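To start, the structure itself, in structure tokens.
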Amino acid sequence: MHGATPISTLENVRESARPRAVAVLRGGTTVLLIAVLACGVAGVFGVHSTTASARGGGYELSLRYAQTARAGMDVPWSLTVRRAGGFDEPIVIAVTTGYFEMFETQGWSPEPSAETQDGDRSYMTFDPPPADTLTVDFDAYIQPSSQQGSDGSVSLWQNGTDLVTIPFTTWLAP
């Protein structure tokens, strides 16, 4: 006889020690993936809108817009202009033109009665509404190819002057 029969086939197999750093890296990666998955399920990476407002020159502006969004998603952009006693002349809204480059649009509602640009801003003229409030909606979604958000501003423009302005920023999640 050549010796006793081994109890296990693994008895003579050399143990290789896995470095602790590899175990920590694998565990950390697993925790990170679970956290990203949980955020996705909770809607953290979806569209989150906010409202900003400002007053000046007898007018009040209120803007509801997407503070965070993702490519391909519908986003809100709704501007409300109020003036106690109503409007007695056309309303001109000036908006940063570059902000809207990340959108695919279905258009404005209501449509402006006139539009022009100066390179930095678009100027939209709206006929005075019969009440003391004008609401302008921009029907749009983020272009699928958009990777970065943008900032801009919207102003009530009268006689070559911004009477009241709201700055805003939309951040795009990957």
Checklist entry - How many residues does region 148-171 hold that are under 11 Å from the mean Cα position of the chain (by Cα) and either surrounded by fewer than 18 Cβ atoms within 10 Å (Cβ to Cβ) or part of a loop (DSSP other than H, G, I, E, B) (or both)? => result 6
Checklist entry - Say we look at region 86-102 and pick out the residues that are of a type in the set (A, V, I, L, M) and in a strand (DSSP E or B); which of these is nearest to the chain's Cα centre (by Cα)? => result VAL95
Next on the checklist: Which residue is surrounded by the most Cβ atoms within 10 Å (Cβ to Cβ), if the candidates are limited to region 106-123 and must be within 23 Å of the chain's Cα centre (by Cα) and part of a strand (DSSP E or B)?
Outcome noted: ARG121
Checklist entry - Among (1) more than 13 Å from VAL75 (Cβ to Cβ); (2) without any contact (Cβ under 8 Å) to a residue 60 or more places away in the chain; (3) part of a strand (DSSP E or B), which single condition is ALA131 missing? => result (3)
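Name the single residue that is farthest from VAL164 (Cα to Cα) among those in region 46-68 being of a type in the set (A, V, I, L, M, F, W, C) and crowded, with 17+ Cβ neighbours inside 10 Å.
VAL47
Residue-by-condition table, conditions (1) under 17 Å from the mean Cα position of the chain (by Cα); (2) farther than 22 Å from ILE166 by Cα; (3) modelled with pLDDT under 95:
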{"residue": "ARG20", "(1), (2), (3)": "no, yes, yes"}
{"residue": "ARG26", "(1), (2), (3)": "no, yes, yes"}
{"residue": "LEU37", "(1), (2), (3)": "no, yes, yes"}
{"residue": "VAL44", "(1), (2), (3)": "yes, yes, yes"}
{"residue": "ARG70", "(1), (2), (3)": "yes, yes, yes"}
{"residue": "LEU79", "(1), (2), (3)": "yes, no, no"}
{"residue": "ALA84", "(1), (2), (3)": "no, no, yes"}
{"residue": "GLU104", "(1), (2), (3)": "yes, yes, yes"}
Next on the checklist: Condition first: assigned to a strand (DSSP E or B) and either basic (Lys, Arg) or more than 11 Å from the chain's Cα centre (by Cα) (or both). Now tell me which residues in region 56-68 satisfy that.
Outcome noted: GLY56, TYR59, GLU60, LEU61, SER62, LEU63, ARG64
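The values are calculated or read from the model by the stated rules, or taken from the named source; none is laboratory data. Computed from a prediction, not measured in an experiment: that's the story for all the values here. When we count neighbours, we look across all protein chains shown, and the Cβ atoms used for this are built from the backbone with ideal geometry, even at glycine.
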